[in-house]
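First the structure, in the form of structure tokens, and then the observations on it.
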Amino acid sequence: MFFDKDPAHKTFFIIKSIRITGISILICSLLSGCFYIGRNQYKDVVEKPYSEWGLRECLTVISAPIAHNYFDFRTNVKVSATPYYPSVVLAIQKNAQRIMHWSESEFRMNVDALMKEDNGMYLDWQTGRLVDSRGNFFKEHTQIDSLMFLITLINTAWTSINSIIQVGIPIGKDNAKQLIPVMVPLVNFDQSYIPDITNLEQRIYLINDKGKFIKPRYVWGRQNNVLTKEESLFAMFYFREGDYHFLTDSDEMCILIKGFEGDVRLEFPLSMMR
């Protein structure tokens, strides 16, 4: 609908989004022991003009909507998902402006492009208000046509059975040895949980309050066929089909990922989808 199919264009935004989101969430994790980031703070921040958002405010906007299953011990697969709400896109790009030293025009260009692709929305820069694809000012979440999630998966069963040792590798003409770290399993491979993720893209669903589900229009970013290393991928969902909107009369949505020891279910209140 709104996505440019040019592979080079897509790759540019994938790389940029991964880098900037990763930096922002890393900073947020480091600071999480110093201050609490929660929904009350999120609501306070998004009520303010974006021009007043500092680093802390941007981290709050990015981090508050993230859902995860880190404390679900039914599965070794730990998943976190970042919904690219319009406010999250704006916060990511505002932090990117600080890091990349963008001019105001570069910042606005990147916000416009990413918000159009991820939400079918744009920002009226004169008023600072969100506008939907039909030219109406934003009032409710059913005006958002699409949404992208950044989904990260970690297999704790694999990381917990490995140890790092130093191995000497001969280099140069004199065969001098250089020590490099190598990860070595502490148990046999057949004793560890290594899930197949070759069809992971087909196992991701979005569910509304009525129990209906949709699958992502496309998923990209998976690097391997089994889950040993951390995997980060993007999943794009389209909500609107004609006059029908998937989230009508819903207060919450949830991502469901099937096929692991226990299904992963991540819930997102729609009050933050703004």
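Coordinate-derived values only; no laboratory data. Bear in mind that the values here come from a model prediction, so they are computed numbers and not experimental data. Here the Cβ is made from the backbone with ideal geometry for all residues, glycine too, and neighbour counts use every protein chain on show.
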Can you name the residue in region 228-257 that is free of Cβ contacts under 8 Å to residues at least 12 places away in the same chain and in a strand (DSSP E or B) and, of all such residues, is nearest to the chain's Cα centre (by Cα)?
241
Do you know which residues across region 133-153 are surrounded by fewer than 19 Cβ atoms within 10 Å (Cβ to Cβ) and either without any contact (Cβ under 8 Å) to a residue 60 or more places away in the chain or not in a loop (DSSP other than H, G, I, E, B) (or both)?
134, 135, 136, 137, 139, 140, 142
Residue ID - surrounded by the fewest Cβ atoms within 10 Å (Cβ to Cβ), chosen from residues in region 113-132 that are aliphatic (A, V, I, L, M) and closer than 12 Å to residue 87 by Cβ:
123
Can you tell me which residue within region 205-223, out of those that are under 14 Å from the mean Cα position of the chain (by Cα) and assigned to a strand (DSSP E or B), is farthest from residue 141 (Cα to Cα)?
220
Within region 203-227, considering residues that are in contact (Cβ under 8 Å) with a residue 24 or more places away in the chain and of a type in the set (Phe, Trp, Tyr), the one nearest to residue 117 (Cα to Cα):
220
Can you tell me which residue is surrounded by the fewest Cβ atoms within 10 Å (Cβ to Cβ) among those in region 46-85 that are free of Cβ contacts under 8 Å to residues at least 40 places away in the same chain and in contact with a helix residue (DSSP H, G or I) (Cβ under 6 Å, 6 or more places away or on another chain)?
57
Give me the pairs: first residue in region 101-128 and without any contact (Cβ under 8 Å) to a residue 12 or more places away in the chain, second residue part of a loop (DSSP other than H, G, I, E, B) and acidic (Asp, Glu), beta-carbon distance under 9 Å, and six or more apart or on different chains, which are they?
122/132
All positions within region 221-265 that are over 24 Å from residue 85 (Cβ atoms), in contact with a helix residue (DSSP H, G or I) (Cβ under 8 Å, 6 or more places away or on another chain) and surrounded by 15 or more Cβ atoms within 10 Å (Cβ to Cβ)
227, 228, 259
Suppose we filter region 89-127 for residues that are more than 14 Å from residue 148 (Cβ to Cβ) and not in a helix (DSSP H, G or I); how many remain?
9
